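Enquirer: If you scroll down you'll find the structure; I have some questions about it.
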Amino acid sequence: MLNGEITSIILFFIGVYGIIARRNMVKSIISIGIMEMAIILFLLSVNFEKGMRAPVSGLTSNISDPLPQALMITAIIIGVAVNAIGLSLFINIYHKYGTTNWTKAAYKRRQGGRK
Amino acid sequence: MLEFLFLSLIIFAIVTVQTKNLIRAVIYLGGLSLICSVTYIMLAAPDVALAEAVIGCTLSTILFLVVLRKYRVFNVCFVYPQINIIQENTNVQDDMSYMDNANIIKLVENYCYSKELEPHIIYSNRYEDLITISYQYDIIVHQLGKQFWLYGRKRNYQVINLKAYIKKNISDLEKDGASIEFELL
Amino acid sequence: MKISKISKAIKANDAKNGLRRILVASFILGITIIFLFLYKHIGSVDSVELYSYYKKMYIHDTYSQNAVTAIYLNYRVFDTFFEALLLMICVTGIMYFFKEKSTYNNSEYKEKKHELLEAALNFLYPIIIVFGIYLILYGSKSPGGGFQGGAVLAAVFMSRYLVNPGAIWHVDSLKNVEKMLYLLIVSFSSLLILANSYIEFKSLYLIIMNFLIGFKVFCGLSIIFFYFAYIDTDSLESW
């Protein structure tokens with residue numbers, strides 16, 4: 001009943017829920033990580049059939065699709081870069097407004113910068 | 001086997017989003033990454049599984065933990081009563097006596113330093129506004145004359161430790177005639 | 001006395017937050033169900049022709065035993081360019097956000113030396129280096145390649161940091177090395193034209209490109225880690 005595509009759609013919307021409902025900045029970055037994992041899982045499992053083998057060591061018959069795999073390796077590296085940029089932004093905002101909460105930071109910003 | 005892995009992926013994702021403690025959420029994210037890596041091996045993609053295990057599970061977890069280790073804050077909200085309420089209800093005349101809160105603030109700060117937390121104290125006299133607009137304080141101290149009320153959360157283990165710490169060191173405060181009540185919500 | 005007002009306000013605020021979360025959760029649950037329903041009716045996308053071409057021809061075209069390496073070093077090498085460029089832009093962005101805020105002498109951590117950890121990591125880190133180089137070298141024959149090997153090599157610096165947090169590392173030279181490596185990757189892959197006409201050159205090309213990408217990724221991830229590890233909290237703009 002559960003296959004890769006259905007699981008990845010559910011994981012993606014769990015990440016969306018984390019971004020909307022949680023007001024902590026670190027939680028938002030973690031939710032972006034979950035959404036990214038869901039997309040990788042979707043693209044890897046979209047053309048997969050049972051009994052396929054890995055496309056290594058010179059196999060040519062009945063191998064899994066190598067194109068999404070090559071793209072997803074780069075996506076993982078870019079994912080850790082996105083995490084690092086997000087965390088550095090978090091540190092800057094934290095030191096300017098002294099809070100980890102989106103609503104509170106926006107409130108303090110409207111009040112006129114630092115406190 | 002694959003169905004079991006997919007089910008555990010969904011469960012781990014829900015637990016990661018729903019956890020209150022940030023360090024626990026980061027550790028759950030690392031576990032989610034590891035299960036994802038096993039799933040990629042089952043989907044016949046060993047290269048992606050290797051990259052996910054090295055980068056997603058280890059490197060980004062270390063980055064999160066390095067950031068979280070440096071920034072642990074203990075939010076304290078210190079609430080003064082409004083002047084007119086005081087004049088109605090108590091027989092204290094001198095306004096300066098309300099500034100006499102040094103002892104309890106020092107106690108909270110000492111607790112924070114002993115646990116390597118960073119105390120972040122906010123003073124206010126409009127408690128209704130503060131609590132409804134900018135919530136998420138770890139502890140709220142309310143002063144009325146010589147009496148202090150402390151409100152904290154039951155699920156926050158630091159608050160429970162702080163209660164024990166204050167009970168141990170209460171003799172300094174009682175010298176001045178102050179009394180403390182602790183309420184866990 | 002107005003004391004009970006505070007606890008009442010906290011409880012009302014909790015109830016409001018809980019209601020908001022339940023509303024958002026039910027809304028997203030509805031969208032998820034709609035998506036699952038649509039997905040079941042649209043079906044998946046087929047790329048049969050490209051897949052069968054890659055399956056048949058990758059060994060003949062690239063002399064690589066690993067189809068994934070064949071794609072990201074030969075068929076779609078421009079994707080690899082832009083991935084490396086994006087990592088470099090990310091490093092530049094982190095340097096901008098932490099400009100002149102990171103110092104290299106952390107005297108507060110000098111006493112915190114764990115002897116057991118130090119002994120274990122001193123034993124382990126030559127093994128990590130050998131494993132990383134193995135992944136890069138055999139990336140065209142077995143699972144592995146430049147990205148994974150570079151990430152494993154970046155773990156060496158992290159373990160050195162755990163052993164000796166007070167040590168001073170020269171990150172500036174790593175930045176220059178990273179830029180040089182990116183130029184080398186771009187200029188060397190123009191030899192791809194040569195590689196496609198000379199058969200003897202093909203496997204050498206794969207190994208050299210893997211090494212360049214591996215060291216590029218290693219430099220980028222190490223710089224990111226050191227910027228995060230050595231932020232000085234006192235020199236940042238205080239609130």
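Enquirer: Looking at A:I34, A:I77, A:I63 in this structure, which one is open to solvent by less than 10 Å² (accessible area, probe 1.4 Å), of a type outside the set (S, T, N, Q), in contact with a Gly (Cβ under 8 Å, 6 or more places away or on another chain) and free of Cβ contacts under 8 Å to residues at least 40 places away in the same chain?
Expert: A:I34
Enquirer: Restricting attention to the stretch B:15-24, which residues are surrounded by fewer than 16 Cβ atoms within 10 Å (Cβ to Cβ), under 23 Å from C:I28 (Cα atoms) and of a type in the set (A, V, I, L, M)?
Expert: If the condition is that a residue be surrounded by fewer than 16 Cβ atoms within 10 Å (Cβ to Cβ), under 23 Å from C:I28 (Cα atoms) and of a type in the set (A, V, I, L, M), then B:V15 is the only one that fits.
Enquirer: Let me ask something else about it. Condition first: within 11 Å of chain C (Cβ to nearest Cβ), open to solvent by 10 Å² or more (accessible area, probe 1.4 Å) and closer than 25 Å to C:V68 by Cβ. Can you find one or more residues in the stretch A:82-101 that meet it?
Expert: Yes, some residue in the stretch A:82-101 is within 11 Å of chain C (Cβ to nearest Cβ), open to solvent by 10 Å² or more (accessible area, probe 1.4 Å) and closer than 25 Å to C:V68 by Cβ.
Enquirer: Follow-up question, since we're still on this one. Suppose the filter is over 30 Å from C:G30 (Cβ atoms) and surrounded by fewer than 22 Cβ atoms within 10 Å (Cβ to Cβ); does A:K104 pass it?
Expert: no
Enquirer: Failed condition for A:P68, given (1) at pLDDT 80 or above; (2) facing another protein chain (nearest Cβ under 7 Å); (3) open to solvent by less than 50 Å² (accessible area, probe 1.4 Å), with all others met?
Expert: Every condition holds for A:P68 apart from (2).
Enquirer: Please state which of the following conditions B:C77 fails to meet, knowing it meets all the rest: (1) within 14 Å of chain C (Cβ to nearest Cβ); (2) assigned to a helix (DSSP H, G or I).
Expert: (2)
Enquirer: Could you pull out every one of the helices (runs of 4 or more DSSP H) wholly within the stretch B:122-185 that has 1 or more residues that are modelled with pLDDT of 70 or more and open to solvent by less than 30 Å² (accessible area, probe 1.4 Å)? Before you say what the answer is, go through the steps one by one.
Expert: Numbers: elements: B:127-133, B:157-168, B:171-175.
Those helices (runs of 4 or more DSSP H) span B:157-168.
Enquirer: Here's another thing I want to ask about it. Right, B:I27: open to solvent by less than 30 Å² (accessible area, probe 1.4 Å) and modelled with pLDDT of 85 or more or not?
Expert: The answer is no for B:I27.
Enquirer: OK, next. Based on this model, can you work out whether A:R110 counts as of a type in the set (D, E, K, R), more than 19 Å from B:S33 (Cβ to Cβ) and within 12 Å of chain C (Cβ to nearest Cβ)?
Expert: When the stated conditions are applied, A:R110 does not pass them.
Enquirer: Kindly establish whether C:V186 is in contact with a Cys (Cβ under 7 Å, 6 or more places away or on another chain) and surrounded by fewer than 17 Cβ atoms within 10 Å (Cβ to Cβ).
Expert: Against the criterion (in contact with a Cys (Cβ under 7 Å, 6 or more places away or on another chain) and surrounded by fewer than 17 Cβ atoms within 10 Å (Cβ to Cβ)), C:V186 does not qualify.
Enquirer: Would you mention how many residues in the stretch A:20-32 are under 11 Å from the mean Cα position of the chain (by Cα) and more than 9 Å from chain B (Cβ to nearest Cβ)?
Expert: Result for the stretch A:20-32: 2.
Enquirer: Among the residues of the stretch C:166-175, are any within 14 Å of chain B (Cβ to nearest Cβ) and not acidic (D, E)?
Expert: no
Enquirer: So, one more: Could you please find all residues in the stretch C:207-224 being over 17 Å from C:V186 (Cβ atoms) and more than 12 Å from every other protein chain (Cβ to nearest Cβ)?
Expert: The initial filter retains those residues of the stretch C:207-224 that are over 17 Å from C:V186 (Cβ atoms), namely C:207, C:218, C:221-224.
C:I207 - this is the single residue of the stretch C:207-224 that is over 17 Å from C:V186 (Cβ atoms) and more than 12 Å from every other protein chain (Cβ to nearest Cβ).
Enquirer: A further question on this structure: Checking the structure you have, find out if any residue of the stretch B:79-91 is more than 23 Å from B:R153 (Cβ to Cβ), of a type outside the set (G, A, S) and modelled with pLDDT of 90 or more.
Expert: No, the conditions are met nowhere in the stretch B:79-91.
Enquirer: Next question, about the same structure. Kindly indicate whether any position in the stretch B:59-67 is more than 10 Å from every other protein chain (Cβ to nearest Cβ), touching a Phe, Trp or Tyr at 6+ places or on another chain (Cβ under 8 Å), in a helix (DSSP H, G or I) and modelled with pLDDT of 85 or more.
Expert: no
Enquirer: From (1) modelled with pLDDT of 85 or more; (2) more than 14 Å from the chain's Cα centre (by Cα), pick out the condition that doesn't hold for C:N196.
Expert: For C:N196, the failing item is (1).
Enquirer: So, one more: Just wondering, is there one or more residues in the stretch C:73-95 that are at pLDDT 85 or above, open to solvent by less than 90 Å² (accessible area, probe 1.4 Å) and touching an Asp or Glu at 6+ places or on another chain (Cβ under 8 Å)?
Expert: Looking for residues that are at pLDDT 85 or above, open to solvent by less than 90 Å² (accessible area, probe 1.4 Å) and touching an Asp or Glu at 6+ places or on another chain (Cβ under 8 Å), one finds at least one in the stretch C:73-95, hence yes.
Enquirer: From B:I55, B:I41, which residue is free of Cβ contacts under 8 Å to residues at least 12 places away in the same chain, over 26 Å from A:N101 (Cβ atoms) and open to solvent by 30 Å² or more (accessible area, probe 1.4 Å)? I'd like the intermediate steps shown before the answer.
Expert: Numbers: B:I55 fails: open to solvent by 30 Å² or more (accessible area, probe 1.4 Å).
When all the criteria are applied, what remains is B:I41.
Enquirer: A further question follows. Would it be correct to say that C:F27 is modelled with pLDDT of 75 or more, open to solvent by less than 70 Å² (accessible area, probe 1.4 Å), more than 30 Å from C:S140 (Cβ to Cβ) and facing chain A (nearest Cβ under 10 Å)?
Expert: Working: modelled with pLDDT of 75 or more: yes; open to solvent by less than 70 Å² (accessible area, probe 1.4 Å): no; more than 30 Å from C:S140 (Cβ to Cβ): yes; facing chain A (nearest Cβ under 10 Å): yes.
Taking the combined requirement at face value, the residue does not satisfy it.
The values are calculated or read from the model by the stated rules, or taken from the named source; none is laboratory data. Because the structure is a prediction, the values reported are computed rather than measured. Heads up, the Cβs are rebuilt from the backbone with ideal geometry, glycines too, and the neighbour counts pull from every protein chain shown. The protein model used for the area step is the full one, side chains on, heavy atoms only, and it has no ligands, DNA or RNA in it. Shrake-Rupley method; radii C 1.70, N 1.55, O 1.52, S 1.80 Å.
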